[in-house]
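The values are calculated or read from the model by the stated rules, or taken from the named source; none is laboratory data. Because the structure is predicted, anything quoted here is derived from the model rather than measured. Counting neighbours? That spans all protein chains shown, and the Cβs are built from the backbone with ideal geometry, glycine included.
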Amino acid sequence: MPLPLVYHPDYVTPLPPGHRFPMAKFGLLRDHLIQTQVAEPQQFQQPNIPPQQWLELVHSPRYIQAYCGGTLEPAAQRRIGLPWSPALVRRTCCAVGGTVLTAQLALEWGLACNTAGGTHHAFPDYGSGFCIFNDCAIAARLLQHQGRVQRVLMVDLDVHQGDGTAWIFRDDPSVFTFSMHCDTNFPLRKQTSDLDVPLAVGLEDEGYLQTLDRHLPDLLRQVKPDLVFYNAGVDPHGGDRLGKLALTDTGLWRRDMQVLTTCVRGGYPVACVIGGGYCDDLPALIYRHSLLHRAASEVYRHSKL
Ligand SMILES: [Zn+2]
């Protein structure tokens, strides 16, 4: 069994011309992984649309209904930053289903990767920063609800703080939230994670990787999670439009290898989501996102999971 991957054709939704969110990247990422022989087409599993009860494990019924029905107030819609359409609703729900499936596969096989997900700025009653429903939070709660896991660790290395996730689990000792992010970046008002590691603007590979190494191994020993969610956002890259840090492709690759080997060697299953990445050079952006799947394939092969 090769590394389990998750993709749905509806991950890609056309946005109006001129919108700068790189929505095409999800489909291009899958194509790139196949074309460069990182993955075979049959490795990709397709998620189902989740029932509303799953979304309600994190989000209020009122918000879910307003978003899905297209009746959210204009200010709340603007805060999300993506133009509403029935296709985007479907896409959003598919991505949640995808992260749930990724988490289930990770429990079964030790490691699995979505080709979307990581919408960590979504709060129970509202969305923000291109995030509508909090996929990792929903998947964590669902698996807890089903009795498949007890303790969960969120490792959020997207360059922006995982504020929605931090808030959702602020009073929940069963889910430990760890966020390493650029201090002076969105969101302006940070929430309190169980462990926040703010980073200075312009931080480069070595400083970043050393900081990560100072925290992650101890954290795993301390939390002993039944499942790790890894948000591998590529927006810490120096070429990212919204990032403010200065990592290279090699730095992102080493980061992903560091996270995955540390977790897998310790016997902790990891469900990976791709998180943020914003760059007008689409091939460069796709390659950055593919580093996660490349690293995961390598770790999976060598650890004989
Ligand atoms: Zn981000």
- Query: Inside region 204-251, can you point out the residues that are modelled with pLDDT of 95 or more and of a type in the set (Gly, Ala, Ser)?
  - Reply: Gly207, Ala232, Gly233, Gly238, Gly239, Ala246, Gly251
- Looking at region 161-180, is at least one residue in contact (Cβ under 8 Å) with a residue 24 or more places away in the chain, within 14 Å of the ligand (Cβ to nearest atom), over 13 Å from the mean Cα position of the chain (by Cα) and over 28 Å from Ala66 (Cβ atoms)? yes
- Only one residue in Gly97, Gly147, Gly117 is small (Gly, Ala, Ser), modelled with pLDDT of 95 or more, assigned to a loop (DSSP other than H, G, I, E, B) and more than 15 Å from the ligand (Cβ to nearest atom). Which one? Gly147
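The rows are residues; the columns are (1) buried (at least 17 other Cβ atoms within 10 Å of the Cβ); (2) under 30 Å from Asp125 (Cβ atoms); (3) of a type outside the set (Lys, Arg); (4) touching a Pro at 6+ places or on another chain (Cβ under 8 Å).
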residue	(1), (2), (3), (4)
His8	yes, yes, yes, yes
Pro17	no, no, yes, no
Phe21	no, yes, yes, no
Asp31	no, no, yes, no
Ile34	no, no, yes, yes
Asn48	no, yes, yes, no
- Have a look at Gly98, Gly207, Gly110 and point out the one that is buried (at least 22 other Cβ atoms within 10 Å of the Cβ) and of a type outside the set (S, T, N, Q). Gly98
- Message: Filter region 264-292 down to the residues that are free of Cβ contacts under 8 Å to residues at least 60 places away in the same chain and closer than 22 Å to Ala112 by Cβ and list them by number.
- Response: Arg265, Gly266, Gly267, Arg288, Leu291
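Touching a strand residue (DSSP E or B) at 6+ places or on another chain (Cβ under 7 Å) and either farther than 29 Å from Val100 by Cβ or not hydroxyl-bearing (Ser, Thr, Tyr) (or both), is that true of Gly238?
Numbers: touching a strand residue (DSSP E or B) at 6+ places or on another chain (Cβ under 7 Å): yes; either farther than 29 Å from Val100 by Cβ or not hydroxyl-bearing (Ser, Thr, Tyr) (or both): yes.
Here the answer is yes, as Gly238 does meet what is asked.
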- Being within 16 Å of the ligand (Cβ to nearest atom), touching a Phe, Trp or Tyr at 6+ places or on another chain (Cβ under 7 Å) and of a type outside the set (S, T, N, Q), is that true of even one residue in region 214-231? no
- Query: For region 248-255, does any single residue satisfy the condition of being within 22 Å of Gln43 (Cα to Cα), buried (at least 19 other Cβ atoms within 10 Å of the Cβ) and either of a type outside the set (A, V, I, L, M, F, W, C) or within 16 Å of the ligand (Cβ to nearest atom) (or both)?
  - Reply: no
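Could you list all residues from region 290-304 that are within 16 Å of the ligand (Cβ to nearest atom) and surrounded by fewer than 24 Cβ atoms within 10 Å (Cβ to Cβ)?
Our first condition is that a residue be within 16 Å of the ligand (Cβ to nearest atom); within region 290-304, this holds for 291-292.
The one that is within 16 Å of the ligand (Cβ to nearest atom) and surrounded by fewer than 24 Cβ atoms within 10 Å (Cβ to Cβ): Leu291.
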- Message: Take the conditions modelled with pLDDT of 95 or more and not in a loop (DSSP other than H, G, I, E, B) and apply them to Leu72. Does it pass?
- Response: no
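When the residues of region 264-285 are narrowed to those that are assigned to a strand (DSSP E or B) and over 14 Å from Pro225 (Cβ atoms), which ends up farthest from the ligand (Cβ to nearest atom)?
We begin by selecting, within region 264-285, every residue assigned to a strand (DSSP E or B); these are 270-273.
Those still in the list that are over 14 Å from Pro225 (Cβ atoms) too: 272-273.
Values: Cys272: 15, Val273: 12 Å.
By that ranking, first place goes to Cys272.
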- Message: When the residues of region 237-247 are narrowed to those that are in contact with a Phe, Trp or Tyr (Cβ under 7 Å, 6 or more places away or on another chain) and under 15 Å from Gly118 (Cβ atoms), which ends up surrounded by the most Cβ atoms within 10 Å (Cβ to Cβ)?
- Response: Asp240
